[in-house]
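Structure first, then comments.
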Amino acid sequence: MERRYASHPREVKQFDTARLREEFHIPVLFTPNRLELVLTHEDRLIIGGAFPVNEEVKLDMDLKELGVSYFLERREIGIINVGGKGIVVVEGKEYELDNKECLFVGMGNQEVVFKSVDSAAPAKFYLNSAPAHQSYTTQKATLADAESADLGSIENSNDRTIYRFIHQNGIQSSQLVMGMTLLKTGNMWNTMPAHVHPRRMEAYMYFDLPEESVVFHLMGEPSETRHIVMRNEQAVISPSWSIHSGVGTSNYTFIWGMAGDNKIYSDMDPVDMKDLK
């Protein structure tokens, strides 16, 4: 598991492109038959991927970094499949996840195993894990189960649907909030006008992006914005003091996950367009 440290905004505004990417960009999430994990000291969120092609992948690692005897001893995890049909085995019980379906696994579950139904069309499980103080029930949600909202407009190139899986009014958790935003064809902008939420950090994972396309992910304080070029199935860490927005060369989908002081999805501080620099 790779470790990333928290950064101060005064420091970040001096970063060049290479340093920005080193601190916030996660280029590889899916390696065949492996578990890839990145721990950020921003609210101790773990971001990663499990890619079981022709072998099972276990939620397991060197646990010295976490100071526990098994991964979910003091943590919870949200899992969203962005590949072919797959199965997550939790304490011997199988949960089948199709593309864009979510599974929440609560604190205290010792065995979590990822499998693909068909190695020719393997599952790709995107993971967000946050520290937990209470155990909540393992629960699956499909797009039909999720609380959804249509936002934006084609006139502003941001016509999109937001699906909330793990949140205050959905799947219950200690602190993890997780969902997905789908941009409709011909729309490129997300989360604009921008906002910050000083009480929670966030991570984005962009996917369903054509190979030749990119997303320019915007970050930084509203008065000191920067950008990171994102490609398909890559993630980015967004500190609580930073905006998190972007524009693509085509439409795309992204998964957002948050951890911090509360689970209220709407807890955000809007940024007026005139204040962006």
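The values are calculated or read from the model by the stated rules, or taken from the named source; none is laboratory data. It should be emphasised that the depicted structure is a prediction, and the values quoted were computed from it without experimental measurement. Positions of Cβ are generated from backbone atoms using ideal geometry, with glycine treated the same way; all protein chains shown enter the neighbour counts. These area figures cover heavy atoms from the full protein model, side chains too; ligands, DNA and RNA do not enter into them. Shrake-Rupley method; radii C 1.70, N 1.55, O 1.52, S 1.80 Å.
Which of the residues spanning the range 53-75 are in contact with a Ser or Thr (Cβ under 7 Å, 6 or more places away or on another chain), surrounded by 15 or more Cβ atoms within 10 Å (Cβ to Cβ) and more than 23 Å from Ile171 (Cβ to Cβ)?
If the condition is that a residue be in contact with a Ser or Thr (Cβ under 7 Å, 6 or more places away or on another chain), surrounded by 15 or more Cβ atoms within 10 Å (Cβ to Cβ) and more than 23 Å from Ile171 (Cβ to Cβ), then Val53 is the only one that fits.
Scan the range 174-212 residue by residue and report those that are open to solvent by 20 Å² or more (accessible area, probe 1.4 Å) and basic (Lys, Arg).
Selection gives Lys184, Arg199.
Could you list, ordered by first residue, the pairs with Cβ atoms under 9 Å in which the first is in the range 127-149 and farther than 20 Å from Gly49 by Cα and the second is part of a loop (DSSP other than H, G, I, E, B) and aromatic (Phe, Trp, Tyr), at least 6 apart or interchain?
Glu147/Tyr265
Sort out which residues of the range 52-100 are in contact with a helix residue (DSSP H, G or I) (Cβ under 9 Å, 6 or more places away or on another chain) and among the hydrophobic types (A, V, I, L, M, F, W, C), and write them in order of number.
Once the filter is applied, which keeps residues that are in contact with a helix residue (DSSP H, G or I) (Cβ under 9 Å, 6 or more places away or on another chain) and among the hydrophobic types (A, V, I, L, M, F, W, C), the range 52-100 yields Leu59, Met61, Leu63, Leu66, Phe71, Ile77.
Restricting attention to the range 241-266, report how many residues are within 21 Å of Gly48 (Cβ to Cβ) and in contact with a Lys or Arg (Cβ under 6 Å, 6 or more places away or on another chain).
Looking only at that region, the number is 2.
Can you find, within the range 76-98, the residue that is nearest to His167 (Cα to Cα) among those that are surrounded by fewer than 23 Cβ atoms within 10 Å (Cβ to Cβ) and in contact with a Ser or Thr (Cβ under 7 Å, 6 or more places away or on another chain)?
Val90
Do we have Ala149 as of a type outside the set (D, E, K, R), loosely packed, with under 15 Cβ neighbours inside 10 Å, modelled with pLDDT of 95 or more and closer than 22 Å to Asn81 by Cα here? Even if it seems obvious, please write down each step before you answer.
On the way: of a type outside the set (D, E, K, R): yes; loosely packed, with under 15 Cβ neighbours inside 10 Å: yes; modelled with pLDDT of 95 or more: yes; closer than 22 Å to Asn81 by Cα: yes.
Yes, satisfied.
Confirm whether Val112 is open to solvent by 10 Å² or more (accessible area, probe 1.4 Å) and either over 21 Å from Ile243 (Cβ atoms) or free of Cβ contacts under 8 Å to residues at least 40 places away in the same chain (or both). Don't jump to the end; show me each part of the working.
Details: open to solvent by 10 Å² or more (accessible area, probe 1.4 Å): no; either over 21 Å from Ile243 (Cβ atoms) or free of Cβ contacts under 8 Å to residues at least 40 places away in the same chain (or both): yes.
Spelling it out, it is not the case that Val112 is open to solvent by 10 Å² or more (accessible area, probe 1.4 Å) and either over 21 Å from Ile243 (Cβ atoms) or free of Cβ contacts under 8 Å to residues at least 40 places away in the same chain (or both).
Please determine whether any residue of the range 123-141 is within 22 Å of Met205 (Cα to Cα) and out of contact with any strand residue (DSSP E or B) (no Cβ under 7 Å at 6 or more places or on another chain).
No, the range 123-141 contains no residue that is within 22 Å of Met205 (Cα to Cα) and out of contact with any strand residue (DSSP E or B) (no Cβ under 7 Å at 6 or more places or on another chain).
If you scan the range 168-197, which residues turn out to be without any contact (Cβ under 8 Å) to a residue 60 or more places away in the chain and among the small types (Gly, Ala, Ser)?
Gly170, the sole residue that qualifies.
For every residue, the table says whether it meets (1) more than 20 Å from Asn232 (Cβ to Cβ); (2) more than 16 Å from the chain's Cα centre (by Cα); (3) of a type in the set (S, T, N, Q).
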site: Arg3; (1), (2), (3): yes, yes, no
site: Ala6; (1), (2), (3): yes, yes, no
site: Arg21; (1), (2), (3): no, yes, no
site: Pro32; (1), (2), (3): no, yes, no
site: Leu37; (1), (2), (3): no, no, no
site: Asn54; (1), (2), (3): yes, yes, yes
site: Glu65; (1), (2), (3): yes, yes, no
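Among the residues of the range 1-47 satisfying the criterion of being of a type in the set (Lys, Arg) and under 30 Å from Ser116 (Cα atoms), which is surrounded by the most Cβ atoms within 10 Å (Cβ to Cβ)?
Here the answer is Arg4.
Of everything in the range 213-242 that's free of Cβ contacts under 8 Å to residues at least 60 places away in the same chain and hydrophobic (A, V, I, L, M, F, W, C), which residue is least open to solvent (accessible area, probe 1.4 Å)?
Among them, the one singled out is Val215.
Quick one: is Asp261 closer than 21 Å to Val12 by Cα and surrounded by fewer than 18 Cβ atoms within 10 Å (Cβ to Cβ)?
no
Give me the residue from the range 152-162 that is hydroxyl-bearing (Ser, Thr, Tyr) and without any contact (Cβ under 8 Å) to a residue 24 or more places away in the chain and, out of that set, surrounded by the fewest Cβ atoms within 10 Å (Cβ to Cβ). First the steps, then the outcome.
Residues of the range 152-162 hydroxyl-bearing (Ser, Thr, Tyr): 153, 157, 161.
Still in the running and without any contact (Cβ under 8 Å) to a residue 24 or more places away in the chain: 153, 161.
Numbers: Ser153: 11, Thr161: 17.
Looking at the filtered set, the residue picked out is Ser153.
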